[in-house]
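Engineer: Handing you a structure now.
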Amino acid sequence: MRSRTVVLSVLFAALAIVIALVSLSVGTTKLPLADVVEVLLGGGRRGTRLIVLELRLPRVATGLLVGIAFAVSGALLQTLSRNPLASPDIVGVNSGASAGAVAVIVLAGTGGGNISGFAAKVGIPLAALLGGLLATLIVGALSIQRGMVDAGRVVLIGVGIAAAANSLVAWLLVIGDVNDAGRAAAWLAGSLNSREWSDALPVLGAVVLLLPVAMMFNRDLSALVLGDDVASSLGVRVARIRLALLVIATVLAAMATAGAGPIAFVALVAPQVAQRLTRMERPPLVTAATLGALFVVLADLLARNGLQWAQIGPYELPVGVVTAACGAPYLLHLIGRQQKGR
């Protein structure tokens, strides 16, 4: 890793930790930072421990993990396709995962299931994983041209698959029970509200297992940026490496979607900003991961307290609304750059 990449990764990680501590201290009940740190070190009063460890820490931890998972997934997809627009929320991975998760939320509730029990802990992550893998399989199969995956077709076909999955989600919301549809609609906005440790654990497992595996392919990723022919001449098994990394990216995005809903534009913005700041030929995985974590926890802090700080009212926004407000202009900027380049 280059020194610039290391410095930026450490800086983003430190900022994410600082924002996380601030997020643990502010809210309806304000806590001094010293009390928060004391609780995290194993001390503190019972009431403070309840607020920090049971009410706020699961939300903050889920936000950090979801940011890492989305950012690494986006970095992998953008490198594999050599397209800055190829992120899981644009090429249909998040939409497929959302369709699977919403099907569990709506159909389990309509069928009398307890969505807060077994279905929530196992069914939603599993359905999101299967939906994301299915969407990736369809996009990959339809993007093959002359025996190779065409990078330009990936985005176009992905947009179509995302539209189809979103139509399925809309139909499920129509046929479902009103209460179940309301919960699913709130989840679809991308929210960290009322997150529990059971929401964070699947994302933690995916990050701990798959991030080191993805980093083992750093050399191969650098070769793939040069093109499949050059990578093959350098000894890279292009088809196998591409398939393995595509599966890793899909699982990370699906688990992140299961944990907090399809939080928009994290997978698009974090890798591209990390690449430009590090001045590398591709998005660096570690820098993108730390920047993604920082992006999500900062957006959640603003979503949870921004309207109160502005004295508008005691309202809370879904974190996906804040990330979308930040990411949409950047998406337009990327599209403009591509058009100008052409």
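The values are calculated or read from the model by the stated rules, or taken from the named source; none is laboratory data. What you are looking at is a predicted structure, and each value in this text was computed from that prediction instead of being measured. No Cβ is skipped: glycine too gets one built from the backbone with ideal geometry, and neighbour counts run over all protein chains shown. Surface areas here come from the heavy atoms of the whole protein model, side chains and all, with no ligands, DNA or RNA. Shrake-Rupley method; radii C 1.70, N 1.55, O 1.52, S 1.80 Å.
Engineer: Given the structure, is residue 98 modelled with pLDDT of 85 or more, of a type in the set (Ser, Thr, Tyr) and closer than 20 Å to residue 172 by Cα?
Structural biologist: Yes: the conditions hold for residue 98.
Engineer: Here is a further query. Among the candidates 29, 62, which residue alone is outside any helix (DSSP H, G or I) and in contact with a helix residue (DSSP H, G or I) (Cβ under 7 Å, 6 or more places away or on another chain)?
Structural biologist: That would be 29, the only listed residue that is outside any helix (DSSP H, G or I) and in contact with a helix residue (DSSP H, G or I) (Cβ under 7 Å, 6 or more places away or on another chain).
Engineer: List, please: which pairs have Cβ atoms under 8 Å, are six or more places apart or on different chains, and start with a residue in region 8-27 that is under 22 Å from residue 305 (Cβ atoms) and end with one that is not in a helix (DSSP H, G or I)?
Structural biologist: Final answer for the pair search is 24/31; 25/31; 25/32.
Engineer: If you don't mind, another one. Between a residue in region 170-194 that is within 19 Å of residue 302 (Cα to Cα) and polar (S, T, N, Q) and any residue that is in a loop (DSSP other than H, G, I, E, B) and open to solvent by 70 Å² or more (accessible area, probe 1.4 Å), which pairs come within a Cβ distance under 7 Å, given they are 6 or more apart or on different chains?
Structural biologist: 193/316
Engineer: Can you find even one residue in region 226-248 that is over 18 Å from residue 139 (Cβ atoms), among the hydrophobic types (A, V, I, L, M, F, W, C), buried (at least 20 other Cβ atoms within 10 Å of the Cβ) and modelled with pLDDT of 90 or more?
Structural biologist: Among the residues of region 226-248, not one is over 18 Å from residue 139 (Cβ atoms), among the hydrophobic types (A, V, I, L, M, F, W, C), buried (at least 20 other Cβ atoms within 10 Å of the Cβ) and modelled with pLDDT of 90 or more, which makes the answer no.
Engineer: Out of the residues in region 178-206 that are within 16 Å of the chain's Cα centre (by Cα) and over 22 Å from residue 23 (Cα atoms), which is least open to solvent (accessible area, probe 1.4 Å)?
Structural biologist: Residue satisfying both the conditions and the ranking: 206.
Engineer: Scan region 49-76 for residues that are touching a Ser or Thr at 6+ places or on another chain (Cβ under 6 Å) and within 27 Å of residue 91 (Cα to Cα) and report the count.
Structural biologist: 1
Engineer: If you don't mind, another one. Quick one: residue 78 ticks every box in (1) polar (S, T, N, Q); (2) under 23 Å from residue 200 (Cβ atoms); (3) in contact (Cβ under 8 Å) with a residue 24 or more places away in the chain bar one, so which box is it?
Structural biologist: All conditions pass for residue 78, except number (2).
For (1) modelled with pLDDT of 80 or more; (2) open to solvent by less than 40 Å² (accessible area, probe 1.4 Å); (3) of a type outside the set (A, V, I, L, M, F, W, C), each residue gets a yes or a no:
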{"position": "74", "(1), (2), (3)": "yes, yes, yes"}
{"position": "80", "(1), (2), (3)": "yes, yes, no"}
{"position": "92", "(1), (2), (3)": "yes, yes, yes"}
{"position": "111", "(1), (2), (3)": "no, no, yes"}
{"position": "132", "(1), (2), (3)": "yes, yes, yes"}
{"position": "159", "(1), (2), (3)": "yes, no, no"}
{"position": "171", "(1), (2), (3)": "yes, no, no"}
